[in-house]
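Data block below; observations after.
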Amino acid sequence: MFVLTIEGQEEAGAYSVVGKYGEKIIYIFQEEDDATRYALLLEEDGYPEVEVVEIDDELMIGACELHGQSYTVITPNDIVIPPKL
C-alpha cells in the first residue's frame, strides 16, 4: 500500500485530510497509480510537491490504531478528490 508525504519532509508524517468533525484522516492507497494520480491533482491545486511512499499496510494501520489516528483505505473503486486549499 501507499501513502503520500511532502517531498523532503517524509519524517513529518503522511498526508491527511480534515474530516467532517475536524479529525485528520490519513489516506492509505491500495494502488500506486491511484496515489500518483491523487498526488498530481494536489500539485495542480498548488499543494507542495508530494512523494508516493510504499508502506507495510499492517504496520501503518497498527500504528494509526495504536495512536488513535484516523485513516481510510482508498481502493481502486474509490474516487477521491483533493480538498481545495
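Calculate the translational D of the range 37-85 in whole µm² s⁻¹ from Stokes-Einstein, where the hydrodynamic radius comes from the Kirkwood formula applied to all Cα pairs, the temperature is 25 °C and the viscosity 0.890 mPa s.
Translational D for this selection: 192 µm²/s.
Normalised radius of gyration for the chain, please: alpha carbon Rg relative to 2.2 N^0.38 Å, two decimal places.
Dividing the Cα radius of gyration by 2.2 N^0.38 Å gives 1.02.
Roughly what angle does helix 32-44 make with the longest principal axis of the chain, taking Cα atoms, 0 to 90 degrees, to the nearest 10?
The helix 32-44 is inclined about 50 degrees to the chain.
Taking 0.36 nm per residue of separation and subtracting the Cα-Cα distance, what length does fully extending Gln9 through Tyr21 add?
Gain in length upon complete extension: 1.7 nm.
Considering the Cα trace of the range 1-48, what is its radius of gyration and what is Dmax, both in angstroms?
In Å, with Rg to one decimal and Dmax whole: 11.0, 29.
Working from Cα positions, state the angle (0 to 90°, nearest 10) between the long axis of helix 57-66 and the longest principal axis of the chain.
Between the helix axis and the principal axis of the chain, the angle is about 70 degrees.
What net charge is computed for the residues neighbouring Ile79, neighbours being all others with C-beta under 15 Å from the C-beta of Ile79, Lys and Arg scored +1, Asp and Glu -1?
Numbers: positive: Arg37; negative: Glu31, Asp33, Asp34, Asp78.
Computed value for this residue: -3.
The numbers here are math on the coordinates, done by the rules we state, and not lab data. Everything numeric in this text was worked out from a predicted model, so none of it was measured. Cβ atoms come from the backbone with ideal geometry, glycine included; neighbour counts cover every protein chain shown.
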